[in-house]
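Working notes, beginning with the structure itself.
The values are calculated or read from the model by the stated rules, or taken from the named source; none is laboratory data. Because the structure is predicted, anything quoted here is derived from the model rather than measured. Cβ: placed from backbone, ideal geometry, glycine included. Neighbour counts: every protein chain shown.
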């Protein structure tokens with residue numbers, strides 16, 4: 001092929017890529033995520049500064065405990081639902097109704113038990129804060145991200161999330177001042193969660209002409225659980241990999257250390273939100289590539305690795321180098337010990353971003369057990385090693401352990417996918 005031919009081919013491929021639905025959705029998703037995370041960053045850091053490390057740590061403990069409770073009725077439906085909708089749009093409405101109805105029913109039961117436990121067992125000074133952590137149980141159950149993602153309408157959810165970030169930041173800047181009492185942030189989160197859930201349901205109804213809750217065939221729910229139980233275990237392992245450290249730190253080192261770690265983690269999640277904009281759109285595309293053939297899927301996946309590196313590495317370098325200034329301006333002296341934690345977590349987010357290529361490849365090819373095994377290995381190593389290093393190296397040691405566990409998961413996912421493709425003759429040994 002001549003140089004002119006290669007240039008013409010590059011222009012053709014470039015125009016197709018830039019004009020594709022995937023790219024348009026990624027661009028809109030990136031815009032809304034940039035907006036929501038910028039606003040969310042400003043609001044969250046201001047709220048943290050007003051609350052102080054100890055109150056932030058207690059709030060983080062309440063939020064992570066609520067997330068732990070939701071694991072009981074998660075069902076692994078998020079990933080399984082996306083895959084089912086992407087494979088067959090006709091079956092989307094029954095799947096969404098079954099998943100949302102089941103989770104909301106379980107959430108109402110959990111809500112009653114949570115409030116009763118808070119009234120009976122929580123110390124008086126933290127009781128109100130624990131009660132305001134309860135609405136998160138219901139908002140989780142009503143979350144429709146999987147439905148928008150499966151229909152490849154994720155920018156709609158991104159726009160709703162951006163609106164939620166604006167409302168939350170507006171509340172923080174309007175009503176928060178230094179010395180805010182414990183649980184003030186949880187009240188804001190509860191109110192904004194209600195508003196964004198209502199908007200998401202209305203948007204779903206407008207787009208797909210059905211409501212996400214209604215009469216449900218429970219036999220269908222059981223059939224979904226038979227498909228999604230591995231993803232359920234995957235979600236549990238991811239929780240212990242990514243969220244459980246806050247509870248460990250609060251228990252072993254105290255709420256102040258947990259607040260410093262949590263603030264660093266929340267800042268790193270801002271970077272992750274940018275990375276996951278593309279990753280969230282990727283699963284339905286990988287499923288479609290798989291339907292076109294394993295060789296097609298691997299060729300397209302292989303082309304994504306340098307693109308992900310090119311987008312991710314400069315972003316991480318910028319935030320790592322700018323972390324001291326970031327902390328000095330937005331969080332203040334009380335949180336400065338979180339700088340190295342944030343820098344390490346930023347690198348971890350980069351590894352997780354690149355790993356989405358392999359992880360979604362395993363999901364699209366039905367290698368659910370392999371993906372689960374990789375995640376369980378990462379979770380087990382993370383919790384075990386965190387307990388071992390926490391006393392001697394503190395929250396920085398916990399962050400290093402998280403990074404190493406992320407590398408373990410990523411390498412495992414790639415090797416599992418490579419083994420499968422080699423066996424199927426879609427990839428050379």
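Below are the figures for this structure:
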{"quantity": "Odd one out for residue 132 among (1) over 20 Å from the mean Cα position of the chain (by Cα); (2) buried (at least 19 other Cβ atoms within 10 Å of the Cβ); (3) more than 14 Å from residue 190 (Cβ to Cβ)", "calculated": "(3)"}
{"quantity": "Residues within the stretch 116-126 that are surrounded by 15 or more Cβ atoms within 10 Å (Cβ to Cβ) and either part of a helix (DSSP H, G or I) or in contact with a strand residue (DSSP E or B) (Cβ under 6 Å, 6 or more places away or on another chain) (or both), tallied", "calculated": "2"}
{"quantity": "The stretch 378-420 - residue that is over 30 Å from residue 53 (Cα atoms) and in contact with a helix residue (DSSP H, G or I) (Cβ under 6 Å, 6 or more places away or on another chain) and, of those, surrounded by the fewest Cβ atoms within 10 Å (Cβ to Cβ)", "calculated": "408"}
{"quantity": "Count - residues of the stretch 180-211 that are assigned to a loop (DSSP other than H, G, I, E, B), surrounded by fewer than 16 Cβ atoms within 10 Å (Cβ to Cβ) and touching a helix residue (DSSP H, G or I) at 6+ places or on another chain (Cβ under 7 Å)", "calculated": "2"}
{"quantity": "Residue tally, condition more than 24 Å from residue 294 (Cβ to Cβ) and in contact (Cβ under 8 Å) with a residue 40 or more places away in the chain, over the stretch 340-372", "calculated": "12"}
{"quantity": "Residue 375, sole failed condition from (1) in contact (Cβ under 8 Å) with a residue 60 or more places away in the chain; (2) surrounded by fewer than 18 Cβ atoms within 10 Å (Cβ to Cβ); (3) assigned to a helix (DSSP H, G or I); (4) touching a helix residue (DSSP H, G or I) at 6+ places or on another chain (Cβ under 6 Å)", "calculated": "(2)"}
{"quantity": "Residue 169 being under 20 Å from residue 52 (Cα atoms) and buried (at least 19 other Cβ atoms within 10 Å of the Cβ)", "calculated": "yes"}
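Residue-wise test of (1) under 17 Å from the mean Cα position of the chain (by Cα); (2) at pLDDT below 90.
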{"residue": "345", "(1), (2)": "yes, no"}
{"residue": "355", "(1), (2)": "yes, no"}
{"residue": "364", "(1), (2)": "no, yes"}
{"residue": "367", "(1), (2)": "no, yes"}
{"residue": "404", "(1), (2)": "no, no"}
{"residue": "408", "(1), (2)": "no, no"}
{"residue": "411", "(1), (2)": "no, no"}
{"residue": "427", "(1), (2)": "no, yes"}
